[in-house]
Amino acid sequence: MNHMTLKRMYDMGKATGFTMLFIAAITIFSELDVGFKDALKVLTGHHWITKSVLSILFFIILYYYFSRSNETKGNPFEMSKMVIAYAGFSGVAIFTFYLWHLLSTG
């Protein structure tokens, strides 16, 4: 693969990882703050749709930002490990929140 393809993969991986953390954060925050969840509903009719739209926009903005940097380092294998770790962390965070919510409202 050429240098630009590797850089794009690396930039996309970073944007993907941060987007997963963003999704986890807004999911938890929307459950903790009813006003925020209601605001999400107002924008598109349902909070899930708004979170999806925001996530896509967040990803596009981050990818554009990272692709404009001059950072040339990037190992696709290491980036893949980071994306998997962020996915795992985000999943555990959401699962732990809902488990806590279930047990605290029991």
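The values are calculated or read from the model by the stated rules, or taken from the named source; none is laboratory data. Just so it is clear, the model here is predicted, and its values are computed rather than measured. Don't worry about glycine lacking a Cβ; one is built from the backbone with ideal geometry, like all the others, and counts go over all protein chains shown.
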So, of the residues in the range 13-22 that are crowded, with 18+ Cβ neighbours inside 10 Å and of a type in the set (A, V, I, L, M), which turns out to be nearest to PHE77 (Cα to Cα)?
ALA15
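Let's see how each residue does on (1) within 30 Å of ARG8 (Cβ to Cβ); (2) at pLDDT 90 or above; (3) out of contact with any helix residue (DSSP H, G or I) (no Cβ under 9 Å at 6 or more places or on another chain):
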| position | (1), (2), (3) |
| --- | --- |
| GLU31 | no, yes, no |
| VAL34 | no, yes, yes |
| HIS46 | no, yes, no |
| TYR65 | yes, yes, no |
| GLY88 | yes, yes, yes |
| THR105 | no, no, yes |
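Yes or no, residue by residue, for (1) touching a Lys or Arg at 6+ places or on another chain (Cβ under 9 Å); (2) surrounded by 11 or more Cβ atoms within 10 Å (Cβ to Cβ); (3) of a type outside the set (Val, Ile, Thr):
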{"position": "ILE28", "(1), (2), (3)": "no, yes, no"}
{"position": "GLY35", "(1), (2), (3)": "no, no, yes"}
{"position": "LYS41", "(1), (2), (3)": "no, yes, yes"}
{"position": "HIS47", "(1), (2), (3)": "yes, yes, yes"}
{"position": "LYS51", "(1), (2), (3)": "no, yes, yes"}
{"position": "LEU57", "(1), (2), (3)": "no, yes, yes"}
{"position": "ILE61", "(1), (2), (3)": "no, yes, no"}
{"position": "TYR64", "(1), (2), (3)": "no, yes, yes"}
{"position": "ARG68", "(1), (2), (3)": "no, no, yes"}
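Any chance you could count how many residues in the range 12-54 are over 18 Å from TRP100 (Cβ atoms) and touching a residue at least 60 places away in the same chain (Cβ under 8 Å)?
At the first step, the residues of the range 12-54 found to be over 18 Å from TRP100 (Cβ atoms) are 12-23, 35-36, 38-54.
The next check asks that each one be touching a residue at least 60 places away in the same chain (Cβ under 8 Å); those that pass are 13-14, 16-18, 20-21, 23.
Final tally of qualifying residues: 8.
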Would you mind stating whether PHE97 is of a type outside the set (A, V, I, L, M) and more than 15 Å from the chain's Cα centre (by Cα)?
yes
